[in-house]
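K.L.:
Have a look at the structure that comes next, please.
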Amino acid sequence: MIMMLFTLVFAWAWQKSRKRCVSAGKTVCENKVQYAAAALAMAGTFIPMYIVNAGMSYVGNDYANYYRYYQNIAAGREQDVDIAYKLINIFVIDAGLDFQWVYFITCFIAYALLILCVWKYSKNYVLSYLLFFTSGYFFLLGLNQIRQFVTMGFVLWGMQYIRKKKFWKYALCILLAASFHFTALVMIPFYFILDKKIKFSFYFVISMCALPINFFLTDILTFLFKTFLPRYLQSNYISKTYSLNIPYLTMIVVSELVILFLIGKSRENRTDENNRIFFNSTMIGTIMAMFCTWLPEYQRFVYYFFMCSIFFIPNLLTTEPVKWKKALLLLAVIGADLIYLVMSAGEMNVLIYKSVF
């Protein structure tokens, strides 16, 4: 909570300083004091989460796995892990540094990408960081899946190139993302989908097509693993069944209902191209959370589509003129987030927090 307080205060100062430095659509500070104030506020937003995340020790479910990867690579044993993350380990080992530097470097990349995405997409920095925390991304990605945290940063940054019709820049972002976690490759075809005007009837059809897969789940998973990832044939993923994580699904559905309400109120919201990309993305993420829980690690795939809500919801809330309605909608989102966060904290294995410092 102390970490979040510092983050939100500095995020507020960063946005205020940026507004003072905007002139004719460009960021132009009038003097060195304004530059220094903006830089200090931005650094203050970056540092609290970064220090807590990069300095953690045996927190989360994946820390021990990452340490084992480091040990295997250091010993010259074969370690099957995505290339960019492996190169970070090799760099740390060759530099004679201990394992914690893998976290310092990886988390630096992740939080740098996050702050760039907040700067690029969000109209309310404070609320974007608050949603990043309450939605569980700080715990699920930062304190657990740090490779996918970096991957998400590249994917979110690449979304701007869908609107700009720059496929190769988008593809480069996805390839960089995949160099940390190969699952990012699923986002390549969505370059051609996310900016389309998609009717609700299409989403209904997709949902109905996804639902029957659950009846043939074992055969499908066996085929996919045998074809693409044979090392997982003996894992418990092969026996995965359809199930609903009610707190997680509630968080997703409440956020999507708020999005639907706000985007439906305004023609400007409905026709804005950035909004259309984010809307299609969150809708696909919602369908996956409802009907595709049979996917191994399905939440990893939901991230790719739904995490943009930490920018999308704050942006849509700025268009609601009635303050009490805005407060009620925000309370609904934060409330659903916190219920999920409290009920899932044990599974995340982030308590009690321990630091190398």
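The values are calculated or read from the model by the stated rules, or taken from the named source; none is laboratory data. Source: prediction; values computed, not measured. Cβ placement follows ideal geometry from the backbone for every residue including glycine, while neighbour counts extend to all protein chains displayed. Protein only, heavy atoms only, side chains kept; ligands, DNA and RNA dropped before computing areas. Shrake-Rupley method; radii C 1.70, N 1.55, O 1.52, S 1.80 Å.
K.L.:
Report, in deg cm²/dmol and to the nearest 500, the calculated mean residue ellipticity at 222 nm for the chain, where each DSSP H run with n ≥ 4 adds -39500 (n - 2.57) and the sum is divided by the residue count.
P.N.:
Using -39500 (n - 2.57) per qualifying helix, the result is -21500 deg cm²/dmol.
K.L.:
Taking θ = phi - 60°, what integer Hz values does the Karplus form 6.51 cos²θ - 1.76 cosθ + 1.60 yield along the range 80-91, in sequence order, with x for Gly and Pro?
P.N.:
Listing the rounded values in order: 7, 8, 4, 4, 5, 5, 5, 5, 4, 4, 4, 4 Hz.
K.L.:
Moving on. Suppose every Lys and Arg Cβ carries +1 and every Asp and Glu Cβ carries -1, with no other charges. What dipole size does the chain come out with about its Cα centre, to the nearest 20 debye?
P.N.:
Using Cβ point charges on Lys, Arg, Asp and Glu, the chain gives about 1300 debye.
K.L.:
Here's something else I'd like to know. Given a cut-off of under 8 Å on Cα pairs at least six residues apart, what relative contact order in percent is computed for the chain?
P.N.:
Across the chain, relative contact order equals 21 percent.
K.L.:
Largest first, how would PHE108, PHE99 line up by accessible area (1.4 Å probe)?
P.N.:
PHE108, PHE99
K.L.:
Per residue and in cubic angstrom, what volume does the convex hull of the Cα atoms of the chain have?
P.N.:
158 Å³
K.L.:
Let me know the shape class of the range 105-174, please: from the alpha-carbon gyration tensor, a ≥ b ≥ c as square roots of the eigenvalues, rounded when a/c is under 1.5, otherwise prolate if a/b is greater than b/c, or oblate.
P.N.:
Judged from the Cα gyration tensor, the range 105-174 comes out oblate (a/c at least 1.5, b/c at or above a/b).
K.L.:
Mind listing the phi-derived Karplus ³J(HN,Hα) values for the range 58-68, rounded to whole Hz, using 6.51, -1.76 and 1.60 with θ = phi - 60°, and x for any glycine or proline?
P.N.:
6, 10, x, 7, 9, 4, 5, 5, 5, 5, 5
K.L.:
Now a separate question. Excluding residues on the same chain fewer than 8 positions from LYS166, give the lysines whose Cα lies under 16 Å from its Cα.
P.N.:
List returned: LYS196.
K.L.:
In whole Hz and in residue order, list the ³J(HN,Hα) couplings for the range 282-292 that follow from phi through the Karplus curve 6.51 cos²θ - 1.76 cosθ + 1.60, θ = phi - 60°; x for Gly and Pro.
P.N.:
For the range 282-292, the Karplus curve yields 5, 5, 4, x, 5, 4, 5, 5, 8, 10, 10 Hz.
K.L.:
What does the net charge come to around PHE311 if you take all other residues with beta carbon closer than 10 Å to its beta carbon, with K and R at +1 and D and E at -1?
P.N.:
+2
K.L.:
Once you place label points 7 Å from the Cα toward the Cβ at PHE91 and ARG20, how far apart are they in nm?
P.N.:
Modelled inter-label distance: 3.5 nm.
K.L.:
Still on this model: Sort GLU256, GLU268, GLU273 from largest to smallest accessible area, using a 1.4 Å probe on the heavy atoms of the protein chains.
P.N.:
GLU268, GLU273, GLU256
K.L.:
May I ask you to list the lysines whose Cα is less than 21 Å away from that of LYS123, ignoring any residue fewer than eight positions away on the same chain?
P.N.:
List returned: LYS16, LYS19, LYS26, LYS164, LYS265, LYS323, LYS325, LYS326.
K.L.:
If we sort 162-168, 338-344 on the protection proxy, mean other Cβ atoms within 10 Å, highest first, what's the order?
P.N.:
Result, highest mean Cβ count within 10 Å first: 338-344, 162-168.
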